[in-house]
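Q: The structure follows.
The values are calculated or read from the model by the stated rules, or taken from the named source; none is laboratory data. Just so we're clear, the structure is a prediction, and the values are computed from it rather than from any experiment. A quick note on method: Cβ atoms are made from the backbone with ideal geometry, for glycine too, and the neighbour counts reach across all protein chains shown. Ligands, DNA and RNA are stripped out before the accessible areas are found, and what is left, the full protein with its side chains, is counted by its heavy atoms. Shrake-Rupley method; radii C 1.70, N 1.55, O 1.52, S 1.80 Å.
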Amino acid sequence: MKLIILKLERIISLLENTKISFSLWIGTFLSIIFSRILIENLLGGFSHREIHFLFSEFSHTFLFFLLSYCVFLVLLSKTTKTNISATANVLLWGFLIILIPPIIDYFISHGRGLWSFYEFDSLEGLLRGFFTFFGDTPNMGITYGVRIEVILSLFLFFVYVFIKTKDYLRALLTTFIAYTFFFILGTFPSWIAFFVLGWEKGFMEVTSVDIAGMFLSPETSLSYTPGNIINSLNAKMSIIYAYILFNIIPLFSFFFYPKETKSLFLNIRVPQTIYHAGLVYVGAGIALLFSQNPINFLTFFNGLALVLLTLTAITAWLTSVVVNDIFDESIDAITNTHRPLIQKTISKNSYKKVGWTLFFLSLFLAGIAHPYAIALVFVYHALTWLYNAPPFRLKRIPFIATFLGSIASFIIILLGYIAFDTTGIITDIPWEIIFLLLFSYTISLPIKDFKDIKGDKKNNIWTLPVLMGEKYARLFVATGIFFSFILSALILNAKNIIPWALIFSTIAFFIVSNPNLSILNKKITPQMLPGFIIGLVFLYTLILLFSIL
């Protein structure tokens, strides 16, 4: 027995001390996920596998196992008091076990295959299922293959914890907690249904039929209909897991890389981030006002999908921030010395990895929230690349730069529009609205350039403030913003809003045009201008909406 333990200790030590970079970990984890999906589809004969289905299946499988990985990583690391990176190496090897269930189910069913997904049941049924190892229906939901996978996993957890701690009680307790997590993950849609339906129907009254109706019905997710019940389950659970992981992963980042993560969060440019998030809701509002067939209800999944589209816009913006910082390093060294690359709180190589991660994350979130959104996000990235990166670096050319930026902003508006418009076309948007938006963005976007005058001038970036000087550029931009407020009331034919447009336009003009303006004895710096204008636009938009609706 001692010899076996000694050999296991050596194997575990070898796995723990293997050097695995983040890129290598991602590649390995994705390879396991793709292998799992390939096995399932190969055994299923690739029947009825359209591109939307394959994407939803991948997103669901990937996010489910990524969440599982995070949960068990924390559990094993805490109970064994082992370095989390060492535990992550061992767990990655252990995840090869997820390839087994579809093969077992295939042979048990004599080639027919079993439908492996989740266990749907009432609270009473779930309590019974917890103590009977997922209940008595292994041919559907938590199948034979999944149950064998869980048993093997629990055995390996017990062995790993015991080898690391030499404590039988701790190993048993960890195994029990792990089983509890397995059970929650295997019945997760039921818990979501209890939370959503229980307040109205009664928590004890929610049945498996209610849960199936909530997750398997091919209802519309925003303006997109998932189709068959399997794809519907994939799409809906992907939305939930994406939302959970979007909140969990930054915590892991803070744990592993606290200094770098803090510098990244301080670099998100809060006003511009709020601006991009708000554009999604502007697009949704335009669809509700002008689309011939807008969605007329907002369900639980619609709400989560809308949040994901908002996060999509934010991650797309943050990708452009990384690109901008990389190519503007010489400018930032003069006017933005707090940026991560200037402060050297993160290496350029690591910063590029952050950019690529945000790029793929924005596309992934877009695909989960609404499949058609992927193309729009990709176009947004293309425009911001042309704006920031050589050889074109169009930010050097006044008006063309801001017009390009206005188109990029309009793309984000379309994200919100297609989500709430069921027709699938954008020709319902009145041309006057498009003109107003493009004019307003083109004329007002130079407001972000006032803080970079010295750096832009030294590096031959001919922004409007560099060409005209700060005084006259402020007057030009302030005048443009003034007329944008007035035009909004006239184009929307909202006569009762004209007094409000005059008030807000005057305030905006006064703030932008006056470089020495102070509020409460604190000078309004060029860095603060976008925040003030976005705040004014937000308040004005609320008044405008209440007036129109």
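Q: Could you say which residue among 503, 443 is more than 27 Å from residue 395 (Cα to Cα) and of a type in the set (A, V, I, L, M, F, W, C)?
A: Matching residue, one of 503, 443: 503.
Q: Checking residue 280 against (1) in contact (Cβ under 8 Å) with a residue 24 or more places away in the chain; (2) open to solvent by 30 Å² or more (accessible area, probe 1.4 Å), which single condition isn't satisfied?
A: The one condition residue 280 does not meet is (2).
Q: Applying the selection to the range 262-277, what residues are surrounded by fewer than 16 Cβ atoms within 10 Å (Cβ to Cβ) and not in a helix (DSSP H, G or I)?
A: Correct list: 266, 268.
Q: State all residues of the range 326-356 that are open to solvent by 20 Å² or more (accessible area, probe 1.4 Å), assigned to a helix (DSSP H, G or I) and of a type outside the set (S, T, N, Q); if no residue qualifies, say none.
A: 326, 327, 329, 333, 334, 342, 348, 352, 353, 354, 356
Q: Hey, can you tell me all the residues within the range 151-174 that are of a type in the set (Val, Ile, Thr) and surrounded by fewer than 20 Cβ atoms within 10 Å (Cβ to Cβ)? Walk me through how you get there before you give the answer.
A: Taking the range 151-174 as the starting set, the residues that turn out to be of a type in the set (Val, Ile, Thr) are 151, 159, 161, 163, 165, 174.
Selection gives 151, 159, 163, 165.
Q: Please name all residue pairs, on different chains or six or more residues apart, with Cβ atoms under 6 Å, provided the first residue is in the range 477-501 and is over 13 Å from residue 547 (Cα atoms) and the second residue is of a type in the set (Asp, Glu) and at pLDDT 85 or above.
A: Listed pairs, sorted by first residue: 491/432.
Q: Can I ask one more? Quick test for you: out of 145, 125, 113, 135, pick the one residue that is among the small types (Gly, Ala, Ser), free of Cβ contacts under 8 Å to residues at least 24 places away in the same chain and either part of a helix (DSSP H, G or I) or open to solvent by less than 40 Å² (accessible area, probe 1.4 Å) (or both).
A: Residue meeting the stated conditions: 135.
Q: Right, here's the next one. Condition (residue is modelled with pLDDT under 90 and either aliphatic (A, V, I, L, M) or surrounded by 21 or more Cβ atoms within 10 Å (Cβ to Cβ) (or both)) applied to the range 249-261: is it met by at least one residue?
A: yes
Q: Might you check whether a residue that is within 30 Å of residue 386 (Cβ to Cβ), among the aromatic types (Phe, Trp, Tyr) and open to solvent by 10 Å² or more (accessible area, probe 1.4 Å) occurs anywhere in the range 311-325?
A: Within the range 311-325, one or more residues are within 30 Å of residue 386 (Cβ to Cβ), among the aromatic types (Phe, Trp, Tyr) and open to solvent by 10 Å² or more (accessible area, probe 1.4 Å).
Q: For the range 71-89, give me the residue count where each residue is aromatic (Phe, Trp, Tyr) and under 16 Å from residue 253 (Cα atoms).
A: Pass one, the range 71-89, residues aromatic (Phe, Trp, Tyr): 72.
Those left that are additionally under 16 Å from residue 253 (Cα atoms): none.
The total comes to 0.
Q: Checking the structure you have, find out if any residue of the range 2-22 is part of a helix (DSSP H, G or I) and within 26 Å of the chain's Cα centre (by Cα). Steps first, please.
A: Restricting attention to the range 2-22, the residues satisfying the condition of being part of a helix (DSSP H, G or I) are 2-16, 22.
Keeping just the survivors that are within 26 Å of the chain's Cα centre (by Cα) gives 22.
So far as the range 2-22 goes, yes, one or more of its residues are part of a helix (DSSP H, G or I) and within 26 Å of the chain's Cα centre (by Cα).
Q: Considering the range 357-393 alone, what residues qualify as being open to solvent by 50 Å² or more (accessible area, probe 1.4 Å), under 20 Å from residue 406 (Cβ atoms) and not in a helix (DSSP H, G or I)?
A: 392
Q: Next question, about the same structure. Go over the candidates 492, 502, 445, 438 one by one and state the one that is more than 23 Å from residue 273 (Cα to Cα) and surrounded by 15 or more Cβ atoms within 10 Å (Cβ to Cβ).
A: Selected residue: 492, the only one of 492, 502, 445, 438 that is more than 23 Å from residue 273 (Cα to Cα) and surrounded by 15 or more Cβ atoms within 10 Å (Cβ to Cβ).
Q: What about residue 98, is it crowded, with 18+ Cβ neighbours inside 10 Å and touching a residue at least 40 places away in the same chain (Cβ under 8 Å)?
A: The answer is yes for residue 98.
Q: For the range 326-378, name all the residues that are among the polar types (S, T, N, Q) and more than 30 Å from residue 419 (Cβ to Cβ).
A: 330, 335, 336, 337, 343, 345, 347, 349, 350
Q: Given (1) without any contact (Cβ under 8 Å) to a residue 60 or more places away in the chain; (2) touching a helix residue (DSSP H, G or I) at 6+ places or on another chain (Cβ under 7 Å); (3) under 21 Å from residue 78 (Cβ atoms); (4) open to solvent by less than 70 Å² (accessible area, probe 1.4 Å), where does residue 178 come up short, assuming only one miss?
A: Among (1) without any contact (Cβ under 8 Å) to a residue 60 or more places away in the chain; (2) touching a helix residue (DSSP H, G or I) at 6+ places or on another chain (Cβ under 7 Å); (3) under 21 Å from residue 78 (Cβ atoms); (4) open to solvent by less than 70 Å² (accessible area, probe 1.4 Å), the lone unmet condition for residue 178 is (1).
Q: Which residues, counting only those in the range 394-426, are open to solvent by 40 Å² or more (accessible area, probe 1.4 Å) and in a helix (DSSP H, G or I)?
A: 396, 400, 403, 407
Q: Show the residue pairs that are 6+ apart or on different chains and have beta-carbon atoms under 9 Å apart, the first residue being within the range 317-343 and more than 24 Å from residue 408 (Cα to Cα) and among the β-branched types (Val, Ile, Thr), the second being surrounded by fewer than 21 Cβ atoms within 10 Å (Cβ to Cβ) and modelled with pLDDT of 95 or more.
A: Correct list of pairs: empty, since none qualify.
Q: Output the residue which, of all residues in the range 448-479 that are open to solvent by 40 Å² or more (accessible area, probe 1.4 Å) and aliphatic (A, V, I, L, M), is nearest to residue 291 (Cα to Cα).
A: Going through the qualifying residues, I end up with 475.
Q: Shifting gears a bit: Mind listing whichever residues of the range 1-32 are surrounded by 11 or more Cβ atoms within 10 Å (Cβ to Cβ), without any contact (Cβ under 8 Å) to a residue 40 or more places away in the chain and closer than 23 Å to residue 146 by Cβ?
A: Of everything in the range 1-32, just one residue is surrounded by 11 or more Cβ atoms within 10 Å (Cβ to Cβ), without any contact (Cβ under 8 Å) to a residue 40 or more places away in the chain and closer than 23 Å to residue 146 by Cβ, namely 30.
Q: Mind counting the residues in the range 101-110 that are assigned to a loop (DSSP other than H, G, I, E, B) and open to solvent by less than 30 Å² (accessible area, probe 1.4 Å)?
A: Counting residues in the range 101-110 that are assigned to a loop (DSSP other than H, G, I, E, B) and open to solvent by less than 30 Å² (accessible area, probe 1.4 Å) gives 1.
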